[in-house]
Amino acid sequence: MMQAKKTLSTLGVLKALSLLAVVGMLLAVPPAHAQNVASQKAYFGSGVLEILNPSGGVVLSGYMKTSSVGDLLIGYSMECALWTSTSTTATRGGAKSTSTARAAVNVTVYVDGVQAEPGQVVYCDRQQTVSLQFSSLTVEVTDAITLDLFLRTKNANHFNFYRNNVGSGVHYVEVKVDSIVSPDPNAPADPGTRAVAGKRSLVIEEYNNP
């Protein structure tokens, strides 16, 4: 009778150890994502880090799986900040003095390396030109007068890009942002002229255009 009890106790310990081993194996398995490229119907991505004077790099990207007749509708929203600074000096009896500064941010979307319609889109663009000349006979100017002008603006814009007949499978979408920065060489270095890409978001959807 004592031998039977000892055997039952040993079996209980072995069962407990086996159960712990199974639980440990389950915990070691990484959790599966609820949605993957093969099942998703739309993609969303975003970024908040500001990019100063972007030079054409990829700022957001994502994957989308389409059917055999699928097209892609790609919506891209972005904050756009422009700084322009000019400095113009005029002397008495001198000719008109002009200074110019320009800043712009452009966006291009690619699907599997092919440019999506309608191509490059301007999200913000400003050219600042200032002219100064003294021609009044009633104002006494003995040396020179300098006019410094600085403008800083920020706004958000959205544009829809499109790529048709991409075929079935998984497609890679990337958003590239570049800028134009043409400062006035006579303007103060600070604050200067610059272009900034701010907060942004990307939405990709499969779309069948009838």
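What follows is calculated from the coordinates using simple rules that are stated; it is not laboratory data. Only a predicted model underlies this, so the values are computations on that prediction, with no experimental measurement involved. Virtual Cβ from ideal backbone geometry, glycine too; neighbours counted across all protein chains shown.
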For residue 114, net neighbour charge (Lys/Arg +1, Asp/Glu -1) across residues whose Cβ lies under 15 Å away: -2
Zone of residue 186's modelled label, taken as backbone nitrogen in region 143-172 under 18 Å from a point 7 Å along Cα→Cβ: 143-151
For region 104-210, with +1 on Lys and Arg beta carbons and -1 on Asp and Glu, the positive-most of 171, 144, 130 along the dipole: 171
Residues with amide H under 5 Å from that of residue 179, placed H, sequence gap 5 or more: 56, 106
Phi-based couplings in Hz for region 91-107 (Karplus 6.51, -1.76, 1.60; Gly and Pro marked x): 10, 5, x, x, 7, 5, 10, 10, 9, 9, 9, 9, 9, 8, 10, 10, 10
Amide H within-cut-off set for residue 116, under 5 Å, with H built and near neighbours excluded: 109, 110, 111
Hull volume in cubic angstrom per residue (convex hull over the Cα atoms of region 62-210): 129 Å³
Cut-off under 5 Å, modelled amide H: who pairs with residue 60 long-range: 175
HN-Hα J in Hz across region 148-153 - Karplus 6.51, -1.76, 1.60, θ = phi - 60°, x for Gly and Pro: 9, 10, 10, 10, 9, 9
Within region 62-129, trypsin sites (Lys or Arg not before Pro) in DSSP loop having at most 13 other beta-carbon neighbours inside 10 Å: 96
